[in-house]
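Undergrad: Quick one: this structure, given as structure tokens, is what I'll be asking you about.
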Amino acid sequence: MTIFSAYNDTKNKLREAGIEPYVFEAKQIIRFVTKYSNAQILEKYMEPLDPIKELFLKSVVAGRVKRIPLQYLLGEWSFFGYDFFVGKGVLCPRPDTETLVEVALDLVGNAPAKIADLCAGSGCVGISVAKEKPITLVTAVEKYDAAYDFLTRNIEKNGAENVIAVKADIETYETNEKFDLILSNPPYISREEMSTIDEETKNEPETALFGGEDGLDFYKIILDKWLPRLNEGGSLAVEVGAGMAERVKELFIAAGLKNVKTREDINEIERVVYGTL
Ligand SMILES: C[S@@+](CC[C@H](N)C(=O)[O-])C[C@H]1O[C@@H](n2cnc3c(N)ncnc32)[C@H](O)[C@@H]1O
């Protein structure tokens with residue numbers, strides 16, 4: 001089997017399984033399996049695929065047609081230009097969440113800052129900010145074992161020495177520390193929406209998705225428990241689900257935050273709500 005035939009075969013199997021971005025995913029898979037760049041693939045497309053790589057390719061395609069997230073099958077995913085280990089038990093980093101990182105970088109500017117990343121999961125938010133702004137110190141808080149394990153591995157993988165992992169529940173964690181910026185992409189799917197999530201998302205942990213009856217539970221916890229830990233003039237920025245921005249803005253304003261704004265993601269969905277104390 002050549003690299004070219006492996007690509008075509010993968011693309012066809014994904015298409016037959018009804019996977020919509022089958023071209024994008026087939027390219028991702030072939031790049032990952034061969035460890036070649038796009039340019040190298042174009043150059044070497046008639047090369048035979050190594051039998052071990054062919055076996056790996058088969059197992060990835062077999063898992064993918066069963067709707068296991070591609071990220072879990074590859075074991076790694078890129079977010080904001082950094083690579084993160086991912087797998088069962090942790091939320092796959094989403095491109096939408098890069099908006100939260102962009103807002104964080106704008107809020108931090110060039111000043112040194114103490115930052116909290118609440119509900120850190122893989123650590124994609126806190127680690128990306130820490131790598132972009134090496135003079136910051138990021139505390140990444142995650143409650144669940146599997147996700148916490150990915151968090152600590154990703155800190156090491158990215159050499160993010162300015163990120164400290166804390167295994168704790170954001171609702172009960174006690175600390176006297178104060179922060180200049182608090183970030184969070186918390187679970188925010190409502191009970192009603194949980195019944196409509198796609199097959200891939202069903203493979204991700206419910207503890208990373210479910211945000212209470214109306215999806216707002218974690219925003220309320222963050223405002224209640226973490227606003228007192230924000231320095232005067234500090235900011236809070238959170239990711240929100242599609243259609244939630246207005247309700248979260250109201251919660252921010254009621255809690256006393258000023259200059260409350262939203263930022264859209266690449267699909268023009270209001271994705272981040274942020275405000276200043
Ligand atoms: C929506 S995921 C976001 C993960 C990561 N920040 C990202 O953007 O990909 C929410 C994360 O919050 C964690 N989590 C849920 N409840 C928590 C709690 N009470 N305290 C701390 N972390 C919690 C979940 O395990 C999950 O990793």
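The values are calculated or read from the model by the stated rules, or taken from the named source; none is laboratory data. Every value quoted in this text rests on a predicted model; they were computed, and no experiment measured them. Every residue, glycine among them, receives a Cβ derived from its backbone with ideal geometry; neighbour counts consider all protein chains shown.
Undergrad: Which of the following residues is assigned by TED's automatic domain parsing to the domain that holds residue 109 and at pLDDT below 95: 222, 182, 266?
TA: That would be 266, the only listed residue that is assigned by TED's automatic domain parsing to the domain that holds residue 109 and at pLDDT below 95.
Undergrad: Moving on. So residue 213 passes all but one of these: (1) under 25 Å from residue 133 (Cα atoms); (2) within 16 Å of the ligand (Cβ to nearest atom); (3) modelled with pLDDT of 95 or more; (4) outside any strand (DSSP E or B). Which condition number does it fail?
TA: (1)
Undergrad: Go through region 31-53 and count every residue that is closer than 25 Å to residue 203 by Cβ and in contact (Cβ under 8 Å) with a residue 40 or more places away in the chain.
TA: Qualifying residue count for the region: 1.
Undergrad: Can you say whether residue 246 is surrounded by fewer than 16 Cβ atoms within 10 Å (Cβ to Cβ), in the same structural domain as residue 174 (by TED's automatic domain parsing) and part of a helix (DSSP H, G or I), as far as the supplied structure shows?
TA: Answer is yes for this residue.
Undergrad: Tell me yes or no: at least one residue of region 222-231 is over 21 Å from residue 178 (Cβ atoms) and in contact with a helix residue (DSSP H, G or I) (Cβ under 7 Å, 6 or more places away or on another chain).
TA: No, region 222-231 contains no residue that is over 21 Å from residue 178 (Cβ atoms) and in contact with a helix residue (DSSP H, G or I) (Cβ under 7 Å, 6 or more places away or on another chain).
Undergrad: Can you tell me how many residues in region 160-171 are assigned to a loop (DSSP other than H, G, I, E, B), in contact (Cβ under 8 Å) with a residue 24 or more places away in the chain and surrounded by fewer than 20 Cβ atoms within 10 Å (Cβ to Cβ)?
TA: Of the residues in that region, 4 qualify.
Undergrad: Sort through 267, 176 and tell me the only one that's in contact (Cβ under 8 Å) with a residue 40 or more places away in the chain, of a type in the set (S, T, N, Q) and either touching a His at 6+ places or on another chain (Cβ under 6 Å) or assigned to a loop (DSSP other than H, G, I, E, B) (or both).
TA: Just a single option satisfies the conditions, and that option is 267.
Undergrad: OK, next. Can you find a residue in region 194-201 that is buried (at least 22 other Cβ atoms within 10 Å of the Cβ), of a type outside the set (Ser, Thr, Tyr) and at pLDDT 95 or above?
TA: So far as region 194-201 goes, no, none of its residues is buried (at least 22 other Cβ atoms within 10 Å of the Cβ), of a type outside the set (Ser, Thr, Tyr) and at pLDDT 95 or above.
Undergrad: Looking at the structure I just gave you, is residue 209 surrounded by 15 or more Cβ atoms within 10 Å (Cβ to Cβ), touching a strand residue (DSSP E or B) at 6+ places or on another chain (Cβ under 9 Å) and over 29 Å from residue 87 (Cα atoms)?
TA: No: the conditions fail for residue 209.
Condition check ((1) more than 18 Å from residue 208 (Cβ to Cβ); (2) among the β-branched types (Val, Ile, Thr); (3) in contact with a His (Cβ under 7 Å, 6 or more places away or on another chain)) across all residues:
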| site | (1), (2), (3) |
| --- | --- |
| 124 | no, no, no |
| 135 | yes, yes, no |
| 141 | no, yes, no |
| 150 | no, no, no |
| 153 | no, no, no |
| 156 | yes, no, no |
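Undergrad: Within region 52-71, identify whether any single residue is surrounded by fewer than 14 Cβ atoms within 10 Å (Cβ to Cβ) and closer than 30 Å to residue 129 by Cα, and answer yes or no.
TA: Taking every residue of region 52-71 in turn, none turns out to be surrounded by fewer than 14 Cβ atoms within 10 Å (Cβ to Cβ) and closer than 30 Å to residue 129 by Cα.
Undergrad: Look at region 183-192 and say how many of its residues are surrounded by 13 or more Cβ atoms within 10 Å (Cβ to Cβ) and more than 13 Å from the ligand (Cβ to nearest atom).
TA: Selection size over region 183-192: 1.
Undergrad: Quick check on region 216-231: of everything there that is away from the ligand (no atom under 13 Å from the Cβ) and touching a residue at least 40 places away in the same chain (Cβ under 8 Å), which residue is farthest from residue 19 (Cα to Cα)?
TA: Ranking the qualifying residues of region 216-231, first place goes to 231.
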